[in-house]
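A.B. asks: Please read through the structure below; I'll follow up with questions.
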2 protein chains.
Amino acid sequence: MKIGFIGLGIMGRPMALNLKNAGHDLFVPERGSLTPEIRAAATVCPTAKAVAEHSEVLIIMVPDTPDVGAVLFGPAGAAEGLKKGSLVIDMSSISPIETREYAARVAEKGCDYLDAPVSGGEVGAKNAALTIMVGGPDAAFARAKPLFEAMGKNITPVGSEPGAGQVCKVANQIIVALNIQAVSEALVFASKAGVDPGKVRQAISGGFASSRILELHAERMINGTFNPGFKIKLHQKDLNLALSSAKALDLALPNTAIAQQMFSACIAHGAAELDHSALITAIEGLADHSIRGKK
Amino acid sequence: MKIGFIGLGIMGRPMALNLKNAGHDLFVPERGSLTPEIRAAATVCPTAKAVAEHSEVLIIMVPDTPDVGAVLFGPAGAAEGLKKGSLVIDMSSISPIETREYAARVAEKGCDYLDAPVSGGEVGAKNAALTIMVGGPDAAFARAKPLFEAMGKNITPVGSEPGAGQVCKVANQIIVALNIQAVSEALVFASKAGVDPGKVRQAISGGFASSRILELHAERMINGTFNPGFKIKLHQKDLNLALSSAKALDLALPNTAIAQQMFSACIAHGAAELDHSALITAIEGLADHSIRGKK
């Protein structure tokens, strides 16, 4: 299949190469940052519009909501080049609200739209093991499924309405952030009360407190190994999406709001590029106490 | 071994019977609520003091901090009957702060003290599969270990200071409550945004959001099956312990404080006896929206 791929960063590169390895033809827009590997694997086009003109399916994997808007509807944007009957798949993690608008504008061109954000990080992208949460019409999902299978493993259609995939991704990021804060509050509490947080983690693993975060991130917290991983500034962005969407829905998410504030405190202290498990440093800051025995 | 056992409720009864089945002699105080099975298994004594007089090891399993105080130091309390060299094991879930005081007063009698709260509920108690988190001196732990092994499986000494077990239990309950609130906020968000919470749960299980709570409690939330399980009023008590201890330690636990307030809101709506997964009804109440499609 002829696939346009826009957004060839840390995530997009291995995803595009997995599609190439599955036998598809890649078309990408010219950027100074294209790697030799991508240049060898793809046909490089001058603009997003030109990429769309060559593609049956256009995949977008860019950082944030306005980036998707610019790719589609900016000058020489993809929407200008989309052929009737093409399929646009936005795999970025962006606002569910704007996604509905983007999908409607793409539908006006006679094209289908899926929102299909992922989780699993760079490792999941390289190993074609991403979790993919898909919103959009069933027929479009069926058409895209072989492509998803070349990039991911746990592929779930979560709703036929545009934005359903983004809603699911935001829900995922809410849980991950709040589970990180849960472990942070518990370990700071234990440490301040004079108990070794590593022993606490060992004692409670396997019970109702068990989680992937207790398994992986608690160890990072205890050792102070905050190299990413998943960066605080990106998780902050995801919680901003959660809160702006919640505001639009007249919804109160009190602990999500607090976790977003804790990420803000981390960023204020220069931790934007650290792993999201470093949220614990904001909780430690509130108590002027480090679980690692140094201040 | 001669074991006094005080507190023969839903948890204490099967724990005591497991000790009996392991070959120990049980001594219990007279209560109208003693079951025929316990009366057949144990020597019934008139008071806690008399139980202590007969025992090498005294186990306490009562609801709350003042109850432990009353058992030990009330009129005809166990402390009056403790023989020098006896071991007191408090398996209740109570305040780490008061635990230190109780341990010091028991030490004045020439006795050892362990705090050894459990998790795993009635099922874990019956199956001798409790998680047991133990604080207190190593030698006392070694002496108690065969008894713990008759009642539980994951048995961890978390610190030699009195109260370390209680600190660990509180940390556990913080994580469990906050993971429940995490799943609650995520599912209410998804549902209000028009996405099926069951599909969200399916899509994100197995990733970084995975937890025992997402596995078990999310299903209860989606189905509205809030029969306990673990009652809101008990988890509320545990978060009260967390917050009062945190206050004594000059510690801010913002999301724990919010979750405690959500449990209070549940109790205000008559949900004290429901399973703690019903915390979601407080989040739903904030939004005037039920994820189960009815109000």
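A.B. asks: Can you tell which of B:GLY224, B:GLY194 is within 7 Å of chain A (Cβ to nearest Cβ), among the small types (Gly, Ala, Ser) and at positive phi?
C.D. replies: B:GLY194 is the lone residue from the list that is within 7 Å of chain A (Cβ to nearest Cβ), among the small types (Gly, Ala, Ser) and at positive phi.
A.B. asks: Still on this model: Give the residues of the stretch A:45-103 that are charged (D, E, K, R) and either more than 14 Å from chain B (Cβ to nearest Cβ) or touching a Phe, Trp or Tyr at 6+ places or on another chain (Cβ under 6 Å) (or both), sorted by residue number.
C.D. replies: Selection gives A:LYS49, A:GLU53, A:GLU56, A:ASP64, A:ASP67, A:GLU80, A:LYS83, A:LYS84, A:ASP90, A:GLU101.
A.B. asks: Scan the stretch A:207-219 and report the pairs whose first residue is within 15 Å of B:GLY207 (Cβ to Cβ) and whose second residue is open to solvent by 10 Å² or more (accessible area, probe 1.4 Å) and among the aromatic types (Phe, Trp, Tyr), with Cβ atoms within less than 6 Å and a gap of 6+ or a chain change.
C.D. replies: Between residues of the stretch A:207-219 that are within 15 Å of B:GLY207 (Cβ to Cβ) and residues that are open to solvent by 10 Å² or more (accessible area, probe 1.4 Å) and among the aromatic types (Phe, Trp, Tyr), the close pairs are A:ARG212/B:PHE208.
A.B. asks: Quick check on my filter: what residues within the stretch A:245-255 are touching a residue at least 12 places away in the same chain (Cβ under 8 Å) and buried (at least 18 other Cβ atoms within 10 Å of the Cβ)?
C.D. replies: A:SER245, A:LEU253, A:ASN255
A.B. asks: Can you find even one residue in the stretch B:204-214 that is among the basic types (Lys, Arg) and at the interface with chain A (Cβ under 7 Å from one of its Cβ atoms)?
C.D. replies: Yes, because at least one residue in the stretch B:204-214 is among the basic types (Lys, Arg) and at the interface with chain A (Cβ under 7 Å from one of its Cβ atoms).
A.B. asks: Name the one entry in A:SER95, A:SER86 that is in contact (Cβ under 8 Å) with a residue 60 or more places away in the chain and in contact with a Leu (Cβ under 8 Å, 6 or more places away or on another chain).
C.D. replies: A:SER95
A.B. asks: Condition check: open to solvent by 30 Å² or more (accessible area, probe 1.4 Å), within 9 Å of another protein chain (Cβ to nearest Cβ) and touching a residue at least 60 places away in the same chain (Cβ under 8 Å). Does A:ILE258 satisfy that?
C.D. replies: Criteria met by A:ILE258.
A.B. asks: Just give me the residues in the stretch A:115-137 being within 13 Å of another protein chain (Cβ to nearest Cβ), over 12 Å from A:MET11 (Cβ atoms) and either part of a helix (DSSP H, G or I) or open to solvent by 10 Å² or more (accessible area, probe 1.4 Å) (or both), in sequence order.
C.D. replies: Selection gives A:ALA129, A:THR131.
A.B. asks: Go through the stretch B:271-295 and give me each residue that's open to solvent by 60 Å² or more (accessible area, probe 1.4 Å) and either touching a Phe, Trp or Tyr at 6+ places or on another chain (Cβ under 6 Å) or within 11 Å of another protein chain (Cβ to nearest Cβ) (or both).
C.D. replies: Those that are open to solvent by 60 Å² or more (accessible area, probe 1.4 Å) and either touching a Phe, Trp or Tyr at 6+ places or on another chain (Cβ under 6 Å) or within 11 Å of another protein chain (Cβ to nearest Cβ) (or both): B:LEU274, B:LEU286, B:ASP288.
A.B. asks: Oh, and also: Would you point out the residue of the stretch A:158-170, among those that are open to solvent by 10 Å² or more (accessible area, probe 1.4 Å) and more than 7 Å from every other protein chain (Cβ to nearest Cβ), that is nearest to A:PRO117 (Cα to Cα)?
C.D. replies: Among those that are open to solvent by 10 Å² or more (accessible area, probe 1.4 Å) and more than 7 Å from every other protein chain (Cβ to nearest Cβ), it is A:LYS169.
A.B. asks: Can you tell me how many residues in the stretch B:171-186 are more than 7 Å from chain A (Cβ to nearest Cβ) and open to solvent by less than 10 Å² (accessible area, probe 1.4 Å)?
C.D. replies: Of the residues in the stretch B:171-186, 3 are more than 7 Å from chain A (Cβ to nearest Cβ) and open to solvent by less than 10 Å² (accessible area, probe 1.4 Å).
A.B. asks: Another question, then. Counting only residues that are assigned to a helix (DSSP H, G or I) and either open to solvent by 50 Å² or more (accessible area, probe 1.4 Å) or of a type in the set (Phe, Trp, Tyr) (or both), how many does the stretch A:187-199 have?
C.D. replies: Number satisfying all stated conditions: 3.
A.B. asks: Separate question: Is it fair to say A:ALA246 is more than 11 Å from every other protein chain (Cβ to nearest Cβ) and at pLDDT 95 or above?
C.D. replies: Answer is no for this residue.
A.B. asks: The conditions are (1) part of a helix (DSSP H, G or I); (2) away from chain A (no Cβ under 14 Å); (3) modelled with pLDDT under 95, and B:ALA150 fails exactly one of them. Which is it?
C.D. replies: Tallying (1) part of a helix (DSSP H, G or I); (2) away from chain A (no Cβ under 14 Å); (3) modelled with pLDDT under 95, B:ALA150 fails exactly one: (3).
A.B. asks: Which members of the stretch A:103-131 meet the condition of being within 18 Å of A:ILE3 (Cα to Cα) and aliphatic (A, V, I, L, M)?
C.D. replies: Once the filter is applied, which keeps residues that are within 18 Å of A:ILE3 (Cα to Cα) and aliphatic (A, V, I, L, M), the stretch A:103-131 yields A:VAL106, A:LEU114, A:ALA116, A:ALA125, A:ALA128.
A.B. asks: Oh, and also: If you check A:LYS247 against the conditions, is it among the charged types (D, E, K, R) and within 16 Å of the chain's Cα centre (by Cα)?
C.D. replies: So A:LYS247 does not fit the description; no.
A.B. asks: In this structure, does A:GLU122 turn out to be under 27 Å from B:ARG201 (Cβ atoms) and at pLDDT below 95?
C.D. replies: Judged against the criteria, A:GLU122 is a match.
A.B. asks: I'm told A:ALA218 meets every condition in (1) more than 7 Å from every other protein chain (Cβ to nearest Cβ); (2) surrounded by fewer than 19 Cβ atoms within 10 Å (Cβ to Cβ) except one. Can you identify the failing condition by its number?
C.D. replies: (2)
The values are calculated or read from the model by the stated rules, or taken from the named source; none is laboratory data. Quantities reported herein were computed from a predicted structural model and do not represent experimental measurements. So basically every Cβ, Gly included, is an ideal-geometry build from the backbone, and we count neighbours across all protein chains shown. Heavy atoms of the whole protein, side chains included, go into the accessibility calculation; ligands, DNA and RNA do not. Shrake-Rupley method; radii C 1.70, N 1.55, O 1.52, S 1.80 Å.
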